[in-house]
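Here the structure is laid out as structure tokens; the discussion comes afterwards.
The values are calculated or read from the model by the stated rules, or taken from the named source; none is laboratory data. Since we're looking at a predicted model, the values are computed, not measured. Neighbour counts are summed over all protein chains in view; Cβ atoms, including those assigned to glycine, are modelled from backbone coordinates with ideal geometry. Protein only, heavy atoms only, side chains kept; ligands, DNA and RNA dropped before computing areas. Shrake-Rupley method; radii C 1.70, N 1.55, O 1.52, S 1.80 Å.
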Amino acid sequence: MEGSTEPLLQLSDVGLSDPLGRHQLLENISFMVNKGDRCCIVGPSGSGKTTLLRLINRLLDPTTGSILFQSQPLSKFQVISLRQKIVLVPQEPKLLGMTVQETLVYPLTLQKLSQSEINQRLDYWRSQLSIPDDWLERNELQLSLGQRQLITIVRGLMMQPTLLLLDEPTSALDRDKALQLIEVLKTITTDTQMTILMVNHQLELVEKLTTQVLKLNRGKLQT
Ligand SMILES: Nc1ncnc2c1ncn2[C@@H]1O[C@H](COP(=O)(O)OP(=O)(O)OP(=O)(O)O)[C@@H](O)[C@H]1O
């Protein structure tokens, strides 16, 4: 609805226990994210940051509580269509056995976008993050870890999702590249209202980017 003030994403009392039901991985998680927000999840290793991102694009389902996206429970969306609106860029960059060019265009081919739209997005996002021509025919063994990380981020951006989930996107990038990425992310949230939820350990980058910081500790949000 135009002018709606409904949050884009709303978690209410979300909890998740491990598959054997012995441990509570996440407990009483409640927060909301508005359109165009840039949120950062911080917290020690093992505090549940990746698990939380996985709940939001339904790689996992909560044991308790509810997650609403665009005011609808996540379960109301078809999983494929949900994962076009909410894209998760995981921590380990994988090119899925493809060349850089193939892996970048693959999700858009699945969405049956026209070739001209795909080419336009490829040129645009490559230029935003300065991806050189000579990477396009390389496979993952011919790229450094940081280069692969950049490619998987570009792949996520090319899908132009409503909500982009980034799991430690700058962990393998050098400082200049990380700062370039942060500037690109800031610009797109302002220009296109794409919303970003990012896990990051680098506090300097978190401060530059975010409109909201969520602190997780042992599966609970700290206020
Ligand atoms: N499927 C699972 N079964 C049991 N325990 C799990 C499962 N998935 C994650 N965990 C546990 O849940 C906790 C949170 O893991 P998670 O990967 O979300 O942490 P994190 O905050 O992202 O850590 P890091 O900063 O090291 O990436 C960890 O203790 C982990 O061992």
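Roll a 1.4 angstrom probe over the protein heavy atoms and tell me the percent of accessible area of the range 1-146 that is carbon or sulfur.
C and S atoms contribute 50 percent here.
Quick check: residue separation of Leu145 and Lys215 times 0.36 nm, minus the Cα distance between them. What number comes out in nm?
22.5 nm
Hey, what's the range 100-223 come to in accessible area per residue, 1.4 Å probe, Å²?
Counting only protein heavy atoms, the per-residue value for the range 100-223 is 49 Å².
Could you state the accessible area per residue of the range 42-90 in Å², with a 1.4 Å probe and every protein chain left in place?
49 Å²
Just to confirm a number: summing +1 for Lys and Arg and -1 for Asp and Glu over residues other than Met158 whose beta-carbon lies under 13 angstrom from that of Met158, what do you get?
Net charge around Met158: 0.
Rg and Dmax of the chain, Cα atoms, in Å?
In order Rg, Dmax, the Cα atoms of the chain give 17.3, 51 Å.
What's the extension gain from Thr223 to Ser75 if we count 0.36 nm per residue and subtract their Cα-Cα distance?
Result: 50.5 nm gained on full extension.
If contacts are Cα pairs under 8 angstrom and at least 6 residues apart, what is the relative contact order of the range 29-135 in percent? Write out the running numbers ahead of the final one.
Details: 33 pairs, mean separation 15.2, N = 107.
Dividing the mean separation by the residue count of the range 29-135 yields 14 percent.
Based on DSSP loop calls and a cut-off of at most 12 other Cβ atoms within 10 Å, the longest stretch of the chain free of exposed GluC sites (Glu not before Pro) is what?
The answer is 3-136.
Taking Lys186 as the anchor, which lysines have their alpha carbon closer than 23 Å to its alpha carbon, excluding any fewer than eight residues away along the same chain?
Those lysines meeting the cut-off are Lys35, Lys49, Lys85, Lys177, Lys208, Lys215.
Computed over the Cα atoms, what is the radius of gyration of the range 12-83 divided by 2.2 N^0.38 Å, N being its residue count?
1.12
If you put +1 on each Lys and Arg Cβ and -1 on each Asp and Glu Cβ, how big is the dipole of the range 92-166 around its Cα centre, in Debye rounded to 20? Each step should come with its number before you reach the end.
Working: 7 positive and 8 negative charges, 43 e Å.
The calculation lands at about 200 debye.
Simple spin-label model, 7 Å along Cα-to-Cβ: Asp123 to Leu136 in nm?
Going from the Asp123 label point to the Leu136 one covers 1.1 nm.
Suppose a student asked you for the relative contact order of the chain, using Cα pairs under 8 Å spaced at least 6 residues apart; what percent would you report? Could the numbers behind the result be given before it?
On the way: 382 pairs, mean separation 68.9, N = 223.
Rounded, it is 31 percent for the chain.
For Ser114 and Arg175, calculate 0.36 nm times their separation in residues minus their Cα-Cα distance, and state this gained length in nm to one decimal.
That pair, Ser114 and Arg175, stretches by 18.4 nm at full extension.
When the helices in the chain are scored as -39500 (n - 2.57) per DSSP H run of 4 or longer and the sum is shared across all residues, what 222 nm value do you end up with, to the nearest 500 deg cm²/dmol?
The helix contribution divided over the chain gives -11000 deg cm²/dmol.
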